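The values are calculated or read from the model by the stated rules, or taken from the named source; none is laboratory data. Quick caveat: nothing in here was measured; it's all calculated off a predicted structure. Don't worry about glycine lacking a Cβ; one is built from the backbone with ideal geometry, like all the others, and counts go over all protein chains shown. Remember, those area values only see protein heavy atoms, side chains included, never the ligands or the DNA or RNA. Shrake-Rupley method; radii C 1.70, N 1.55, O 1.52, S 1.80 Å.
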Amino acid sequence: MNSPALNSQPNRPPLQGVRVLDLTRLLPGPMCTLHLADLGADVIKIEDLGAGDYASPAVREMLNRNKRGMRLDLKQPEGVQLLLKLCETADVLVEGFRPGVMARLGLGYDVVRARNPRLVYCSISGYGQTGPLSQKAGHDLNYCGYAGVADQVGTPAGELALSNLPMGDLLGGTMPAVMGILAALFDAQCTGRGRHVDVAIADGVLAHAVIPLAGLHSRGRVPAPGGDKLTGALPCYGLYPTQDGRYLAVGAFEHKFWDTFCALLGRPDLAEHHIPKTQALNDWVRREVAQAVQAHPLAHWAQVLAGADCCVTPVLKLDEAQQLPHFQDRGMWVQVQTAQGETMTQMAMPVQMSGYRFEVQRPAPLQGQHTRELLTAAGLDDAEIDVLCQRKVVG
């Protein structure tokens, strides 16, 4: 699955010994803590006694493996005190409430820091803890809209499009949170002082809009949707439908790749028009390529392109990607036995490193599955836990 060189050392998770309290739900926060859990952190997923994390069952299963779960009512004073007690032995707390909610609960950063100065406290929100939009509700599309990124996702016809890969939540929320937590955790290990990490999803997606900003600097205007070299302006880079309604991904930016593709296409005469000199010529080349690609089904092109080095590939569906030998060889798919006893195919952790081999140690927990275990470890006896359960402080 992995190269022998990467796994020649003992299997020690790089975040072994790090404890994370996860108060988040849905996508950005749970995926952030999933990455931490997959790297060996002891992540405790804390949910309320109501709906809890109301992500779809499949999403919940994928994002919460390798975590333990408890239920805690933070609207009750006893619930607040229990969380503060857990903070004393934690390294990281991640929350995804609207700014101000944690402070109103009595769990703001200053309160938590007083209990544990070393704790890294990460807040993930749509627009950040400060600023005119900080209290505004939003979803992935809204953050991308404000950041000028949704404007760049479109077709050559100029129509804007939606993506089933939430760019704001994942690129703008999850990954900056992981980056900020790891940086602050490293510093806390050195100095004994934690930090408040303020992650705004809109900031995160804006910070990655480097290509549109480069266009603004170089041409004085933002590229039109579908009108830049990455979104369909050139025939050498785009998506072309096949005879059976599938697609080829043509990414032949370099001339040598375009030459090879044109030869495989049976149109070597198009090779000289890698970057067409006029718009009319550009449109003609695109039509000729489209006509040639559409003459055959995807299976034909997969066979023709097998072994060819030209940056042209089939556009696979996700279930087909599961069967691709490359991803199987890389160990990118794992079979997980869920807490309900079902088998589920999940993506593996996308980072490989020497001395650590990713494993699923436990499936996503049922709501409150480890509440008693965690409270016992925190020093409460059975009688105390029973009283808290009866009063619905925990569950």
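Summary of computed values
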item	result
Potential extension, ALA114-ALA383 segment - 0.36 nm per residue separation minus Cα distance	93.9 nm
Stretch gain in nm, segment GLN135-ARG221, where the contour uses 0.36 nm per residue and the Cα spacing is subtracted	27.9 nm
Carbon + sulfur, % of accessible area of segment 10-114 - ligands and nucleic acids excluded, 1.4 Å	57
Under 21 Å from LYS75, Cα to Cα: lysines that are on another chain or at least 8 residues apart	LYS45, LYS85, LYS392
log₁₀ of I(q)/I(0) at q = 0.14, 0.20 Å⁻¹ - segment 46-156, Debye sum with one point per alpha carbon	-0.74, -1.23
Per residue accessible area in Å² of segment 1-101, where ligands, DNA and RNA are left out and the probe is 1.4 Å	38
Quarter of the Cα convex hull surface for the chain, i.e. its orientation-mean projected area (nm²)	23.4
Computed lengthening from ALA280 to GLU342, 0.36 nm per intervening residue step minus Cα-Cα distance	16.7 nm
Residues of segment 214-246 with amide N under 16 Å of the 7 Å Cα→Cβ point at GLU320	239-246
C-alpha center-to-center spacing [segment 303-363, segment 69-84] in angstrom	38
Proximal charge balance of GLY194 [Cβ under 10 Å; K/R count +1, D/E count -1]	+2
Carbon and sulfur %, accessible surface of segment 269-339 computed with the full protein complex present, 1.4 Å	54
Lys/Arg +1, Asp/Glu -1 at C-beta; segment 87-213 dipole; positive extreme among THR130, VAL149, GLY108	GLY108
VAL153, VAL293, ranked by accessible area, largest first (probe 1.4 Å)	VAL153, VAL293
With all protein chains modelled, accessible area of LEU74 [1.4 Å, Å²]	20
Charge dipole (debye, nearest 20) of the chain; +1 at Cβ of Lys and Arg, -1 at Cβ of Asp and Glu	560
Carbon plus sulfur fraction of accessible area for segment 125-244, probe 1.4 Å, in percent	61
Probe 1.4 Å, protein heavy atoms only - accessible area per residue of segment 124-276 in square angstrom	52
Projected label distance in nm at THR191 and PHE253, using a 7 Å step from Cα toward the beta-carbon	3.8
Distance between segment 212-245 and segment 147-169 - C-alpha centres, whole angstrom	12
